[in-house]
1. Which residue out of Ala155, Ala164 is small (Gly, Ala, Ser) and at pLDDT below 85?
2. Let me spell it out: the conditions are (1) of a type outside the set (Gly, Ala, Ser); (2) at pLDDT below 85; (3) within 18 Å of the chain's Cα centre (by Cα), and Val96 meets all of them except one. Which number is the exception?
3. Quick check on region 169-184: of everything there that is surrounded by fewer than 18 Cβ atoms within 10 Å (Cβ to Cβ) and either of a type in the set (A, V, I, L, M, F, W, C) or at positive phi (or both), which residue is modelled with the highest pLDDT?
4. Residue under question is Leu193, and the condition is that it be modelled with pLDDT under 65, among the aliphatic types (A, V, I, L, M) and part of a helix (DSSP H, G or I); does it hold?
5. Could you please find all residues in region 81-102 being assigned to a loop (DSSP other than H, G, I, E, B), touching a Pro at 6+ places or on another chain (Cβ under 9 Å) and surrounded by fewer than 22 Cβ atoms within 10 Å (Cβ to Cβ)?
6. In region 60-80, is there at least one residue being in a loop (DSSP other than H, G, I, E, B), under 11 Å from the mean Cα position of the chain (by Cα), among the polar types (S, T, N, Q) and modelled with pLDDT under 95?
7. Within region 103-138, take every residue that is part of a helix (DSSP H, G or I), crowded, with 16+ Cβ neighbours inside 10 Å and more than 14 Å from the chain's Cα centre (by Cα) and give me the one that is modelled with the lowest pLDDT.
8. Being among the hydrophobic types (A, V, I, L, M, F, W, C) and surrounded by fewer than 18 Cβ atoms within 10 Å (Cβ to Cβ) is the filter here; which residues of region 62-80 pass it?
Amino acid sequence: MASVESASSPKLLLEALAYWVEKQPDKVLFNYLKDDGTPLASMTYAAVELKSRALAAHLVAPSGGSGGGLGCVKGDRVLLVFEPSLTYILAFVACVRAGLVAVPVFPPDPRKLKKDMYMFATIAGDCGAKIALTSTTYDSATKMAALKHLFSNDAKWPVLTWCAVDTLPAIVQVKSNESPKELGSYSTHAPLLYLYLSIC
């Protein structure tokens, strides 16, 4: 009975994650599905825990020198600029863990910067973000779009330090901690619902 009460009692996001990491580390927490419903990528409880810790450490590590971190301090705003992916969830959890304010922003389409950039730049400016977390795919697109012949004078990127989360060595190395037997299996909505309810 005690274990049931412990599992059902309200918890903060990180407390809930830590609880389930201890109980079932190799169980899949999140699946990202293709349009046809088949899994494209998965992350176990342990992988979310370890990767979010690694990213949080990178966010607050001093920038420059041997640390090579992003130099964020508690309360800083960080843009999350991701196409739909599991990496977005990972970045959000890492920001919570580091005491940062995650600001989700829909990625501007590099092919339509004149249309999309105004809103993106406004959000970045209003929240005072200096760091933007993104994926390798989108990071490459932004670099291409930064070439002079790909945007007009009124479609400038705001001054931000971009970080492609899925290329960080500390994140890539955690892949070995994911459970191969679980990859590709379906998960129910229960784990996500539990985490959602725990912070409401």
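1. Going through Ala155, Ala164 in turn, just one is small (Gly, Ala, Ser) and at pLDDT below 85: Ala155.
2. (2)
3. Val172
4. Yes, satisfied.
5. Scanning region 81-102 gives a single hit, Glu83.
6. Checked region 60-80: no residue is in a loop (DSSP other than H, G, I, E, B), under 11 Å from the mean Cα position of the chain (by Cα), among the polar types (S, T, N, Q) and modelled with pLDDT under 95.
7. In this case the residue turns out to be Pro110.
8. Val73 - this is the single residue of region 62-80 that is among the hydrophobic types (A, V, I, L, M, F, W, C) and surrounded by fewer than 18 Cβ atoms within 10 Å (Cβ to Cβ).
The values are calculated or read from the model by the stated rules, or taken from the named source; none is laboratory data. A quick note: this is a predicted structure, and the numbers were derived from the prediction, not measured. Glycine gets a Cβ as well: all are built from the backbone with ideal geometry, and neighbour counts include every protein chain shown.
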